[in-house]
Amino acid sequence: MDVIVKVRDPDENLEEKIKAYKVKKRIKTTVTILAFVFALISSYLLVKLQTYTSLQTLQSYKNKETESSDLKYLQYADGMLKYGRDGIAYINKKGVEQWNQSYQIKDPVINVSGKAMAVAERGGNEIAAEKITLKNMTTGEQSLLTIDEVIALFA
């Protein structure tokens, strides 16, 4: 009995194996890159489009100014106006009071037009002064206006 042993030629399928290996390697690399890009895009969208459904208060404090029911706040220019029955103040974006003006008005209402603002009493129909002082909200500079000039600002 003769045993026949087949010996393969080592160069026979070597080129095909190399091509198959390169294709598999490219596929693995492409899938890895796509998975990484998908993870990045998903993370970005999750952060950008996240909607919060609940709120938890971690800390609060009481302030006699904020407890007062007659104080109101209005965003204006680069800061905000704090006003009430006793006066008005302009607070810049750092929380520092730039200026304040006292007055006695039972029910103040504010009208804003551009960089000008006026405070009046709700339901009031008289103007007590012939000239009104207009304050620049950012610099604190003052200029005198006649009542007609004030009316023209808010017309």
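Listed by first and then second residue, the pairs with beta-carbon distance under 7 Å, at least 6 apart or on different chains, first residue in the range 77-97 and in a strand (DSSP E or B), second of a type in the set (Gly, Ala, Ser) and modelled with pLDDT under 85, are Gly87/Ser102; Tyr90/Gly79; Ile91/Gly79; Asn92/Gly79. Might you let me know whether the range 53-71 holds any residue that is within 22 Å of the chain's Cα centre (by Cα), under 30 Å from Val96 (Cβ atoms), surrounded by 10 or more Cβ atoms within 10 Å (Cβ to Cβ) and modelled with pLDDT under 95? No, that holds for no residue.
The values are calculated or read from the model by the stated rules, or taken from the named source; none is laboratory data. Everything numeric here is computed off the predicted structure, so don't read it as measured data. All Cβ positions, glycine included, derive from the backbone under ideal geometry; neighbour counts span all protein chains shown.
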